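Novice: Here you go, one structure.
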Amino acid sequence: MSLTKKMATAGNDVNPRPFAYRKRVLQCDGVSLAALAESHGTPLYVYSQQHVLARLAMFQQAFAAVPHTICYAVKANSSLALIKLLGEQGAGFDIVSGGELERVRKASKKSLDRVVFAGVGKQVAEIDAAIGAGILLFNVESEGELALLAERAEALGIEARYSLRVNPDVFADTHPYISTGLSAHKFGIDINAARGIYRKARKYKFLKAAGVSVHIGSQIRAVDPFGKAMDRVVGLVMELREDGIHLTHIDAGGGLGIEYTDAPFDPEAQVAAYAEAVLKATEGLGLHLLLEPGRFLVAQAGALVTRVLNVKKNGDKTFVITDAGMNDLIRPSLYQAHHQILPVKQAAGASAPVDIVGPVCESGDFFARDREMPASKPGDLLAILDAGAYGMSLTSNYNTRPRPAEVLVDGDEARVIRRRETLKDLFGPESL
Ligand SMILES: Cc1ncc(COP(=O)(O)O)c(C=O)c1O
Ligand SMILES: N[C@@H](CCCC[NH3+])C(=O)O
């Protein structure tokens, strides 16, 4: 039985998260969130190791029929401990900066040859470091960047393997801020111009055309757009073969979405449908497939645990003020994203609509608006679910607020993988 199935809570329902109540207290696997908050303080990010591994295994299983590498998108959650964990299971990494490269070097050095490097604005120092590290592929996003990569590879005397990241002009239904596959977006190279660029690039002695990549956006639930984008990419691969350019890799990017509400969600079925769309489009090509999931692997593994500081009424509205703010989890403020919020201790009694807000000086500092919740009082704990992706990695120190600590749960045990920041950490780089 898969780990996800084992997490089932009631009947045959699949619980896509590692969080469930035991004796009316919310647990992450075998560990009580109340106990973790007591030991480590709040706000606190809590992740399940078993859950992350189960999601990776699910992905690997779905693509088992073809040679493939799952290159985890480090930006989703850049924790060194998670990078180490995933690297040990054979994952590669999708990076977008020299900083993320150094994270992989520190946590999973052996995986450097499974790294792909995307990003519309790569700098010379970042390119040099990645060439030196022997990464698998540069996902190049403009003709200018390709010329720069050729120049740096030649200067260093090391061949660099590249893919063009093409923009397929495919619409995917998601929040406009995280949609990337239309020509109106800054990402990638117009797919219609790509063939000419690969041809011209034959002049670069230190570049090897190794692949082609595409990434149409994030939190995409329908699988058809992935298939459509891959169809276009495969068309390009075939054209390049006519030109004598034989690629070895095809990179389908990331973007597979999850369910943030309490609607039923079966991750295994979701990834199977996704794999079917990608594999159907790429069938028979004989290329090594790269996949770059971020959110799907880590979002539901994590929760942000926060303590209620105060409850107040303004007119008709009730505000529950928590010690976590938009600087600790920005998704609701930035994308009006919905996250389920559960009381850590299950309470009996009526629910009423409340706004759950942080202490930051912005009206946009909220986690939920007009949400039906059981009554809370100061000192109560709440868990904001599905916060494992684009949670900690998008934190800031706005309002001079130190970042939360992070804890990784493994079965019945928990360990701190990032201590809480102190004011000393914040002031360190400053001078009077
Ligand atoms: C190039 C690239 N690959 C992978 C990802 C990961 O996306 P997701 O977390 O939606 O799987 C992103 C982020 O959207 C990205 O920009
Ligand atoms: N930060 C976004 C995803 C961005 C994807 C990056 N390419 C989110 O929280 O949903």
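Each reported figure results from applying straightforward, stated rules to the coordinates on display, with no laboratory input. Only a predicted model underlies this, so the values are computations on that prediction, with no experimental measurement involved. Don't worry about glycine lacking a Cβ; one is built from the backbone with ideal geometry, like all the others, and counts go over all protein chains shown.
Novice: Can you compute the modelled spin-label distance between His175 and Glu102, with each label point 7 Å from Cα toward Cβ, in nm?
Specialist: That separation, rounded to one decimal, is 2.8 nm.
Novice: Could you grab the relative contact order for the chain? Cα pairs under 8 Å, six or more apart, rounded to a whole percent.
Specialist: In percent, rounded to a whole number, it is 19.
Novice: A follow-up question, please. Please get the size of the charge dipole for region 178-274, origin at its Cα centre, with Cβ charges of +1 on Lys and Arg and -1 on Asp and Glu, quoted in debye to the nearest 20.
Specialist: Roughly 940 debye, rounded to the nearest 20.
Novice: Report the dimensions of region 118-293 along its three principal axes from the alpha-carbon atoms, largest first, rounded to Å.
Specialist: Sorted from largest, the Cα extents of region 118-293 read 54, 35, 29 Å.
Novice: Where does each of 323-330, 156-163 land if you order them by average Cβ count within 10 Å, highest first?
Specialist: Highest-to-lowest ranking by the protection proxy: 323-330, 156-163.
Novice: Got the relative contact order for region 118-293 handy, in percent, Cα pairs under 8 Å and 6 or more residues apart?
Specialist: Here the relative contact order equals 20 percent.
Novice: Once label points are set 7 Å from the Cα along Cα→Cβ at both Leu426 and Lys109, what is their separation, rounded to one decimal in nm?
Specialist: That separation, rounded to one decimal, is 3.5 nm.
Novice: Please give the helix 124-133 orientation as an angle from the longest Cα principal axis of the chain, in degrees from 0 to 90, rounded to the nearest 10.
Specialist: Computed tilt is about 80 degrees.
Novice: Follow-up. Given a Förster distance of 45 Å, report the FRET efficiency between Lys313 and Val120 from their Cβ-Cβ distance, rounded to the nearest 0.05.
Specialist: Step by step, r from the Cβ atoms, then E = 0.45.
Novice: Moving on to the next point. Can you list the aspartates and glutamates whose alpha carbon is less than 15 Å from that of Lys312, not counting same-chain residues fewer than 8 positions off?
Specialist: Answer for Lys312, where 15 Å is the Cα cut-off: Asp323, Asp355, Asp370, Asp380, listed by chain and number.
Novice: Taking the Cα centre of each part, how many Å lie between region 390-427 and region 294-321?
Specialist: Using only Cα atoms, the two centres lie 16 Å from each other.
Novice: Next up: Using label points projected 7 Å from each Cα along Cα→Cβ, tell me how many nm separate Asp231 and Leu182, to one decimal.
Specialist: With each label point 7 Å from Cα toward Cβ, the separation is 1.9 nm.
Novice: Residue separation times 0.36 nm, minus the C-alpha to C-alpha distance between Gln346 and Lys200: what's the value?
Specialist: 46.2 nm
Novice: At what distance in angstrom do the alpha carbon centres of region 99-154 and region 190-252 lie from each other?
Specialist: 18
Novice: Tally Lys/Arg at +1 and Asp/Glu at -1 over every other residue whose Cβ is under 11 Å from the Cβ of Glu242; what's the total?
Specialist: Overall, the nearby charge balance is +1.
Novice: Would you work out if the chain is rounded, prolate or oblate? Take a ≥ b ≥ c from the square roots of the eigenvalues of the alpha-carbon gyration tensor; rounded if a/c is under 1.5, else prolate when a/b is larger than b/c, oblate otherwise.
Specialist: Prolate, since a/c reaches 1.5 and a/b exceeds b/c.
Novice: Shifting gears a bit: Tell me the angle of helix 143-156 to the major Cα principal axis of the chain, expressed in degrees between 0 and 90 and rounded to the nearest ten.
Specialist: 80
Novice: Stretched out fully, how many nm does the piece from Asp262 to Ala57 gain, at 0.36 nm a residue minus the Cα gap?
Specialist: 71.4 nm
Novice: Let me ask something else about it. Helix 267-282 versus the longest principal axis of the chain: what angle, 0 to 90°, nearest 10, using Cα atoms?
Specialist: That works out to roughly 10 degrees.
Novice: Does region 356-432 come out rounded, prolate or oblate, given a ≥ b ≥ c as the square roots of the eigenvalues of its C-alpha gyration tensor, rounded meaning a/c under 1.5 and, failing that, prolate meaning a/b above b/c?
Specialist: In terms of gyration-tensor shape, oblate.
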